[in-house]
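S.K.: To start, I am sharing the structure in question, which I have written as structure tokens.
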Amino acid sequence: MRNLFLVVFVLTSSIGLSQVQKNGDPKTTDPSDGQPKASPKAAFDQYRIITLQRDTTYVDTSLTIKKEYEYNYLRKDIFGLLPFANEGQTYTVLDYGLKNFASFPEIGFSGKHFNFLQPNDINYYSVATPVTELYFKTVMEQGQSLDALIALNLSERFNISIAYKGLRSLGKYINQLSSAGNFRFTSSYNTLDKRYYLNFHFTGQDFLNGENGGITTIEDFEGDDPVFQNRARLEVYLNDAKSFLKGKRVFLDHSFRINPKNANNNLYLKHQFNYENKFFEYNQKTVPSKVGESEIYRFGDSFVNSNINDQTRYNRMHNKVGAIYENSMLGKFQFFAEDFRYNYYYNKILIFETEVIPNSINDVINTVGGQYEYRKNKWNGIFQLSNSISNQPMSNFDAKLEYQLDEKNEFVFQYQLISKIPDHIYNLSQSSFTKYNWSNDFKNEKINNIEATAKTQWIDATLQLSTFDDHLYFSQDTSPVRTQLISPKQYTQTINYISIKASKEFKWRKLALDNTLLYQQVDQEDAILNVPQFVTRNTLYFTDYFFKKALYLQTGFTFNYFSKYYANDFNPVINESFVQNQTKIGAFPMLDFFINARIRQTRIFIKAEHFNAGFTGNRYYNAPNYPYRDFLIRFGLVWNFFQ
């Protein structure tokens, strides 16, 4: 990671030096008098960031409260997510509305996928001059978090970008190492007549985590003994276990307009290709765990006495081919067909007395569908319907309608009706732990979701109503707290979920108070889907310019809180959360103090995280036996170069 960072830095410097004269800024000659003059600077709208859906934003070097919220490992606002104690670990989901619903199956092991970049997470660029962004942030212990990106146009219509995000953090607790890397290469191109557009990317991602299984004795953590302020002295269940996920993806999205010139009526051909492979591994050298003088078999009996090494492999290929008719008055009509192939497999077949566990599940899913897109005046709508025509049933209806009343007021309505194929981890698992082997044939999950969002000059608010049928989840099969025997289940009753999220910022002179409040409620026969009823974040901060406006300062306090509830526990063998109804967490305040500054294109961040930990009591957890982060001072920066 260090060597790659050096290469990116040298490449950035080389490109910059190639465009700058030795004696200062680039110069051109004025033909009128023959004297050199400064080259005009590129406008901000010449540095474009383009999503897969071709929504465009611009490289932004401002410092706002949103930038404070996005300055974290995921590089996005994580309201509704509670990070585990070490950087690069999994998250506790407080806001169930953050879950994305897709009809195609995934591999599973969801605890490893919070920072796994999906195709919709990859951005493409079009820039007037080379642009570099460097992100740096300190971590908990022995390491750093870095993210370096360079984007440049080799010609006006051909762009490439290279980026790498790397993390290493030892953590405060025993066996809590995080080591991760996200490599991205993107390319975008269009012809001079704009008939052909292409977006391409390659990603290589890997995530290694020490899995300690949580602390064994919460009394030591919650007590006042100063010895245990050194968190490495707290006993944990697993001293040498680790989990590892790596994945590679090749992605291509391109379209061609058949008619030579853009007109009121256009016909396009469109193709999207996605090939991805993933590999998950769980290692545990020592099977029994020491808790005091006792030996605990955390995950039950095993086939081997030591050196657990469970490996799961997965690959998939997704082709989507379509034809689009575009009319300047009526909008876009698209008809498409999809071919989705997957293979999820292990290297052996397990034969038990009562059942046989196969070594793989694989299938070919073919769908046909249509999409209608309308963009005109204040209205913007996308309506999509697809249905399986193969043996595996699946369907998806997605409708989204936006109305822009004016620059300050916008309304969005979205409806989804999905029949989702179960993720593979629910249907097949093989492990050296005897109780972690299963083969199932679950029914599709049925998800009915309605969202209404209002972004106004007075308040931003979102209402979500969801209904879940045949909901899949993992549950604890044993009552002993020290033993985790879990298995997948399908809930046959209906679960109704409602949430209301509201945000509002109040400003008075140089002071501002930014507030976000989430209310959630679940209607169900059994406690399967558990969420905190209230989640809140409130930030009081001050902003001003100093040193003749050379420095812009932002400083204040952030208060985070969620109500007490039966949070899902975490299982490292399959890296999934599971339902438990014995231990509640929550109802503890999390206070942060921050000082941020902007000097030209550089934003500097300093934060005292959870500074109230020492005087509000050691009752803060991510999940049962997994403490939340202690007080820690962290700092870093985000730095943009425009060559």
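The values are calculated or read from the model by the stated rules, or taken from the named source; none is laboratory data. None of the values given here were measured: they were computed from a predicted structure. Methodologically, a virtual Cβ is constructed for each residue, glycine included, from the backbone with ideal geometry; neighbour enumeration extends over all protein chains shown. Please note that ligands, DNA and RNA were not included when accessible areas were found on the heavy atoms of the full protein model with its side chains. Shrake-Rupley method; radii C 1.70, N 1.55, O 1.52, S 1.80 Å.
S.K.: Check region 549-563 and report whether any residue there is open to solvent by 50 Å² or more (accessible area, probe 1.4 Å), small (Gly, Ala, Ser) and more than 30 Å from Thr483 (Cα to Cα).
M.R.: Yes, because at least one residue in region 549-563 is open to solvent by 50 Å² or more (accessible area, probe 1.4 Å), small (Gly, Ala, Ser) and more than 30 Å from Thr483 (Cα to Cα).
S.K.: Here's another thing I want to ask about it. Quick check on region 207-216. Is at least one of its residues under 24 Å from Asn123 (Cβ atoms), open to solvent by 60 Å² or more (accessible area, probe 1.4 Å), in a strand (DSSP E or B) and touching a strand residue (DSSP E or B) at 6+ places or on another chain (Cβ under 6 Å)?
M.R.: Scanning region 207-216 turns up no residue that is under 24 Å from Asn123 (Cβ atoms), open to solvent by 60 Å² or more (accessible area, probe 1.4 Å), in a strand (DSSP E or B) and touching a strand residue (DSSP E or B) at 6+ places or on another chain (Cβ under 6 Å).
S.K.: When the residues of region 564-580 are narrowed to those that are part of a loop (DSSP other than H, G, I, E, B) and modelled with pLDDT of 95 or more, which ends up surrounded by the fewest Cβ atoms within 10 Å (Cβ to Cβ)?
M.R.: Selected residue: Lys564.
S.K.: Just give me the residues in region 493-521 being open to solvent by 30 Å² or more (accessible area, probe 1.4 Å) and either in a loop (DSSP other than H, G, I, E, B) or in contact (Cβ under 8 Å) with a residue 60 or more places away in the chain (or both), in sequence order.
M.R.: If the condition is that a residue be open to solvent by 30 Å² or more (accessible area, probe 1.4 Å) and either in a loop (DSSP other than H, G, I, E, B) or in contact (Cβ under 8 Å) with a residue 60 or more places away in the chain (or both), then Gln493, Thr494, Lys501, Glu505, Arg509, Lys510 are the ones that fit.
S.K.: Modelled with pLDDT of 95 or more, under 28 Å from Thr90 (Cβ atoms) and in contact with a Leu (Cβ under 7 Å, 6 or more places away or on another chain): does that describe Tyr344?
M.R.: yes
S.K.: Answer yes or no as to whether Gln334 is open to solvent by 30 Å² or more (accessible area, probe 1.4 Å) and of a type in the set (S, T, N, Q).
M.R.: The answer is no for Gln334.
S.K.: Name the residue, out of Thr56, Thr51, Thr61, Thr29, that is at pLDDT below 90 and of a type outside the set (Lys, Arg).
M.R.: After ruling out the rest, the residue left standing is Thr29.
S.K.: Condition check: over 18 Å from Val250 (Cβ atoms), hydrophobic (A, V, I, L, M, F, W, C) and modelled with pLDDT of 95 or more. Does Ile174 satisfy that?
M.R.: Against the criterion (over 18 Å from Val250 (Cβ atoms), hydrophobic (A, V, I, L, M, F, W, C) and modelled with pLDDT of 95 or more), Ile174 qualifies.
S.K.: Okay, moving on. If you scan region 379-407, which residues turn out to be closer than 20 Å to Asn448 by Cβ and β-branched (Val, Ile, Thr)?
M.R.: Across region 379-407, the qualifying residue is only Ile382.
S.K.: Okay, next question. Restricting attention to region 149-188, which residues are more than 27 Å from the chain's Cα centre (by Cα) and assigned to a strand (DSSP E or B)?
M.R.: Hits for region 149-188 are Asn153, Leu154, Ser155, Phe158.
S.K.: On to the next question. Quickly run through region 142-159 and pick out the residues that are of a type in the set (A, V, I, L, M) and touching an Asp or Glu at 6+ places or on another chain (Cβ under 7 Å).
M.R.: Leu149
S.K.: Tell me the strands (runs of 3 or more DSSP E) entirely within region 282-400 that contain at least 1 residues that are more than 30 Å from His254 (Cα to Cα), of a type outside the set (A, V, I, L, M) and touching a residue at least 12 places away in the same chain (Cβ under 8 Å).
M.R.: Filter on region 282-400 gives 289-291, 306-327, 331-345, 360-376.
S.K.: Another question, then. Give the residues of region 76-100 that are open to solvent by 20 Å² or more (accessible area, probe 1.4 Å) and touching an Asp or Glu at 6+ places or on another chain (Cβ under 6 Å), sorted by residue number.
M.R.: Result: Lys76, Asp77.
S.K.: Give me a count of the residues in region 275-299 that are surrounded by 22 or more Cβ atoms within 10 Å (Cβ to Cβ) and closer than 30 Å to Lys320 by Cα.
M.R.: Of the residues in region 275-299, 2 are surrounded by 22 or more Cβ atoms within 10 Å (Cβ to Cβ) and closer than 30 Å to Lys320 by Cα.
S.K.: I've got another one for you. Limited to region 48-75, what total is found for residues that are open to solvent by less than 20 Å² (accessible area, probe 1.4 Å) and of a type in the set (Phe, Trp, Tyr)?
M.R.: Residues that pass the stated criteria total 2.
S.K.: Still on this structure: Considering only residues of region 218-253 that are of a type in the set (D, E, K, R) and within 20 Å of Ser188 (Cα to Cα), which is most open to solvent (accessible area, probe 1.4 Å)?
M.R.: Per the criteria, the residue is Lys248.
S.K.: Could you list, in sequence order, the residues of region 300-331 that are β-branched (Val, Ile, Thr) and open to solvent by less than 40 Å² (accessible area, probe 1.4 Å)?
M.R.: Ile308, Thr312, Ile324
S.K.: So Thr583 passes all but one of these: (1) touching a residue at least 40 places away in the same chain (Cβ under 8 Å); (2) touching a Ser or Thr at 6+ places or on another chain (Cβ under 8 Å); (3) surrounded by fewer than 17 Cβ atoms within 10 Å (Cβ to Cβ). Which condition number does it fail?
M.R.: That leaves (2) as the condition not met.
S.K.: Could you tell me how many of the residues in region 586-643 are outside any strand (DSSP E or B), aromatic (Phe, Trp, Tyr) and crowded, with 19+ Cβ neighbours inside 10 Å?
M.R.: 3
S.K.: It is to be established whether one or more residues within region 229-251 are hydroxyl-bearing (Ser, Thr, Tyr), assigned to a loop (DSSP other than H, G, I, E, B) and under 30 Å from Lys348 (Cα atoms).
M.R.: yes
S.K.: Could you check, for region 254-262, whether at least one of its residues is more than 17 Å from His201 (Cα to Cα), in contact (Cβ under 8 Å) with a residue 40 or more places away in the chain and surrounded by 19 or more Cβ atoms within 10 Å (Cβ to Cβ)?
M.R.: The answer is yes, given that some residue of region 254-262 is more than 17 Å from His201 (Cα to Cα), in contact (Cβ under 8 Å) with a residue 40 or more places away in the chain and surrounded by 19 or more Cβ atoms within 10 Å (Cβ to Cβ).
S.K.: Checking Thr354 against (1) touching a strand residue (DSSP E or B) at 6+ places or on another chain (Cβ under 6 Å); (2) open to solvent by 30 Å² or more (accessible area, probe 1.4 Å); (3) polar (S, T, N, Q), which test does it fail?
M.R.: (1)
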